[in-house]
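Shown next, in structure tokens, is the structure this report addresses.
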Amino acid sequence: MFIFKKIADLKQFLEKQTGSVGFVPTMGALHKGHLSLIEKAKQENSLTVCSVFINPAQFNDKKDFEKYPMTLSSDIDMLSQVGTEVLFLPASDEIYPDGIGQLAGYDIGYLDTILDGKFRPGHFNGVCNVVDRLLEAVKPSRLYMGEKDFQQCLVVRRLLEIKKSTIELITCPTRREANGLAMSSRNELLSKSAREKASAIFYCLKSIRDEMAKTPFSSLQERYIRYLDSNSFETEYLLLADAETLDLLTDFAPSQKMVVLLASRLEGVRLIDNLRMN
Ligand code: AMP
């Protein structure tokens with residue numbers, strides 16, 4: 001596996017390649033969810049580039065940034081084991097030579113006002129900044145992202161539209177632990193017992209899907225927020241939305257594609273998950 005820390009070196013290497021490039025941006029602390037994206041990119045492209053960069057611009061909470069897990073040597077081992085051809089490992093000043101005080105602004109409209117856009121002000125603008133800069137460095141044919149970050153996929157789709165980009169966005173299903181907990185780097189921050197307890201999130205999402213034919217969404221929403229919060233969670237949102245636009249819905253509309261999205265804290269760790277309803 002080639003490891004590049006400088007954009008210029010990465011570009012020089014990639015310019016010599018023929019064939020399609022698949023790109024998987026990550027913030028490291030890799031797990032099988034990340035590797036599933038790499039594997040898909042490898043199947044569909046001549047060369048796969050993964051980046052590991054903890055993007056300071058997308059953390060609206062400084063403490064969250066400071067405690068974000070870092071496991072670089074195990075990341076490198078995992079990436080080379082699955083046959084990743086290129087790892088891009090930039091330092092912050094490589095991506096943000098002028099610092100993060102003066103970020104570019106991206107008009108993602110409604111998406112910035114709901115769900116994580118509402119609860120993490122500035123987060124998606126930080127995501128757009130890093131993805132834009134990484135795409136400029138890698139110039140991939142295809143970009144691979146996980147549905148675990150459902151809203152992020154829509155934001156990046158919007159970014160590609162804004163940039164009039166021809167890069168194809170491929171969204172990949174959420175990989176879960178045996179107990180249903182969506183794999184996430186942040187799970188590393190949970191105690192062993194909380195990691196078990198956190199499976200309640202998927203239980204709630206599945207129960208809502210199982211009960212949607214009989215019960216209005218508002219009753220299920222109330223019931224499962226209460227269930228989580230009486231089990232030491234602090235839930236930020238549990239909402240139903242159109243899966244294509246993320247327009248929030250007040251009740252199930254089986255003729256539409258729907259998704260339920262949730263953000264909840266356990267032991268102070270913010271966990272997000274979602275499940276398509278149909
Ligand atoms: P992150 O390192 O958390 O920024 O994630 C990098 C990419 O991996 C994003 O596109 C995520 O949506 C994706 N990802 C994270 N967790 C999972 C998972 N459990 N299953 C599939 N993809 C994931």
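The values are calculated or read from the model by the stated rules, or taken from the named source; none is laboratory data. Only a predicted model underlies this, so the values are computations on that prediction, with no experimental measurement involved. Heads up, the Cβs are rebuilt from the backbone with ideal geometry, glycines too, and the neighbour counts pull from every protein chain shown. To get the accessible areas, we keep the full protein, side chains included, count just its heavy atoms, and leave off ligands, DNA and RNA. Shrake-Rupley method; radii C 1.70, N 1.55, O 1.52, S 1.80 Å.
Observations
- Accessible area (Å², 1.4 Å probe, nearest 10) - Met145: 10
- The 1.4 Å probe gives accessible areas that order His31, His123, largest first, as His31, His123.
- Here the contact order of region 185-273, divided by its residue count and restricted to Cα pairs under 8 Å and six or more residues apart, works out to 29 percent.
- With the convex hull of its Cα atoms as the shape, region 185-273 has an orientation-averaged projected area of 5.8 nm².
- Pairs of Cα atoms nearer than 8 Å and 6+ residues apart set the relative contact order; for the chain it is 17 percent.
- Computed over protein heavy atoms with a 1.4 angstrom probe, the accessible surface ordering of Thr245, Thr215, Thr166, Thr48, largest first, is Thr166, Thr245, Thr215, Thr48.
- The phi torsions of region 250-258, fed into the Karplus equation with coefficients 6.51, -1.76 and 1.60 and a -60° offset, translate into couplings of 8, 8, 4, 9, x, 7, 9, 7, 10 Hz, rounded to whole numbers, with Gly and Pro shown as x.
- Unit Cα scatterers, Debye sum, the chain: log10 I(q)/I(0) for q = 0.07, 0.14, 0.16 Å⁻¹: -0.26, -1.05, -1.34
- Restricting region 132-240 to trypsin sites (Lys or Arg not before Pro) in coil, as DSSP defines it, with at most 13 other Cβ within 10 Å: Lys164, Lys214
- List Thr174, Thr250, Thr113, ordered by accessible area with a 1.4 Å probe, largest first: Thr250, Thr113, Thr174
- Using a cut-off of 20 Å between Cα atoms, the listed pairs Lys6/Lys63; Lys214/Lys257; Lys118/Lys257; Lys32/Lys192; Lys11/Lys139 include Lys6/Lys63; Lys118/Lys257 as exceeding that distance.
- Residues in region 7-20 carry Karplus couplings, in order, of 4, 4, 5, 4, 4, 4, 5, 5, 4, 7, 8, 10, x, 7 Hz; the curve used is 6.51 cos²θ - 1.76 cosθ + 1.60 with θ = phi - 60°, and Gly or Pro positions show x.
- Loop-exposed GluC sites (Glu not before Pro) per DSSP, neighbour cap 16 Cβ within 10 angstrom, longest uninterrupted part of the chain: 1-243
- Principal axis dimensions, largest first and in whole angstrom, of region 47-196 by Cα: 42, 36, 30
- Mean Cα-pair separation over length for region 9-55, i.e. relative contact order, pairs under 8 Å, 6 or more apart, %: 50
- Rounded to 5, percent antiparallel among DSSP beta bridges of the chain: 50
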